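The values are calculated or read from the model by the stated rules, or taken from the named source; none is laboratory data. Remember, it's a predicted structure, so these values are computed and weren't measured experimentally. Reconstructed Cβ throughout: ideal geometry from the backbone, glycine too, with neighbour counts over all protein chains shown.
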Amino acid sequence: MFTGLIREIAKVKKYEKNILSLIATHKPHLGDSIAVNGICLTVIKINSDGFDVELADETRSIIDEKKLQGNVHIEPAMGINDRFEGHIVQGHIDCIGTVTNITKRENGVDYIIKVPFEHIKYIIPKGSITIDGVSLTVNSVQKDNFRLTIIPHTIKETLIGNYTIGTKVNIETDMFARYIEHILSFKNDKKSTSWGDIDRISMSY
């Protein structure tokens with residue numbers, strides 16, 4: 001599990017087939033889970049200047065592999081005694097979004113991100129979302145896009161300030177929204193779902 005709070009900006013040393021080599025100051029152990037641009041990956045080798053992680057075929061089929069170059073966000077998995085901030089992040093990418101509009105505000109920058117229509121239902125106004133591994137709050141949601149307002153501190157400490165119109169981003173939607181929909185999809189269609197049912201499902205996680 002992750003929190004969406006970036007530990008470090010690492011540099012891609014090389015990416016060949018399914019092995020990604022990173023230059024980083026963070027020193028993981030073999031077998032550790034680490035999120036790279038929001039993707040949960042396993043450390044398979046420790047190098048003098050960083051470490052290697054491996055990408056499964058399923059992961060490679062979902063993400064935009066062009067994102068695995070240059071600088072990347074990294075976050076080690078949350079330890080049991082760590083302080084919990086951000087929100088619950090699994091490191092499982094749901095889809096690729098595209099930045100379609102960037103507007104500077106008095107104290108931040110608005111980003112409009114378009115996503116495939118089938119994923120918009122999991123993106124909740126004022127809820128949490130993970131963009132390239134960064135935990136953010138959704139301001140508003142439209143039919144096929146959503147709006148984020150990024151404050152100066154986040155822009156300074158992440159790669160979001162480098163985004164331009166057309167930039168592709170890894171998106172992990174709200175875990176609880178996905179779980180609730182999956183549970184409800186198996187309920188008897190003839191039985192209506194009450195608000196009490198939804199409360200009980202929400203409280204079970």
Exercise. What pairs come up if the first residue lies in segment 156-185 and is at positive phi, the second is modelled with pLDDT of 95 or more, and their beta carbons are under 9 Å apart, counting only those six or more places apart or on different chains?
Worked result: G166/T98; G166/V99; G166/T100
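Test I124 against the stated conditions and say whether it is touching a helix residue (DSSP H, G or I) at 6+ places or on another chain (Cβ under 7 Å) and over 23 Å from G166 (Cβ atoms).
Numbers: touching a helix residue (DSSP H, G or I) at 6+ places or on another chain (Cβ under 7 Å): yes; over 23 Å from G166 (Cβ atoms): yes.
Taking the combined requirement at face value, the residue satisfies it.
Does segment 12-32 contain at least one residue that is of a type outside the set (F, W, Y), within 21 Å of I150 (Cβ to Cβ) and either at pLDDT below 95 or crowded, with 16+ Cβ neighbours inside 10 Å (or both)? Quick ask: steps written out before the conclusion?
Step one: filter segment 12-32 for residues of a type outside the set (F, W, Y), giving 12-14, 16-32.
Among the residues that remain, those that are also within 21 Å of I150 (Cβ to Cβ) are: none.
Within segment 12-32 (the criterion being of a type outside the set (F, W, Y), within 21 Å of I150 (Cβ to Cβ) and either at pLDDT below 95 or crowded, with 16+ Cβ neighbours inside 10 Å (or both)), the answer is no, since none of the residues qualifies.
Please enumerate the residues belonging to segment 17-52 that are under 16 Å from I63 (Cβ atoms), assigned to a strand (DSSP E or B) and not polar (S, T, N, Q).
Filtering segment 17-52 down to residues under 16 Å from I63 (Cβ atoms) leaves 17-20, 22, 34-42.
Still in the running and assigned to a strand (DSSP E or B): 19-20, 22, 34-36, 39-42.
Correct list: I19, L20, L22, I34, A35, V36, I39, C40, L41.
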For this session: Considering only segment 117-155, state which residues are touching a Gly at 6+ places or on another chain (Cβ under 9 Å), in contact (Cβ under 8 Å) with a residue 24 or more places away in the chain and not hydrophobic (A, V, I, L, M, F, W, C).
Result: H119, S128, T130, D132, G133, S135, N145, T149, P152
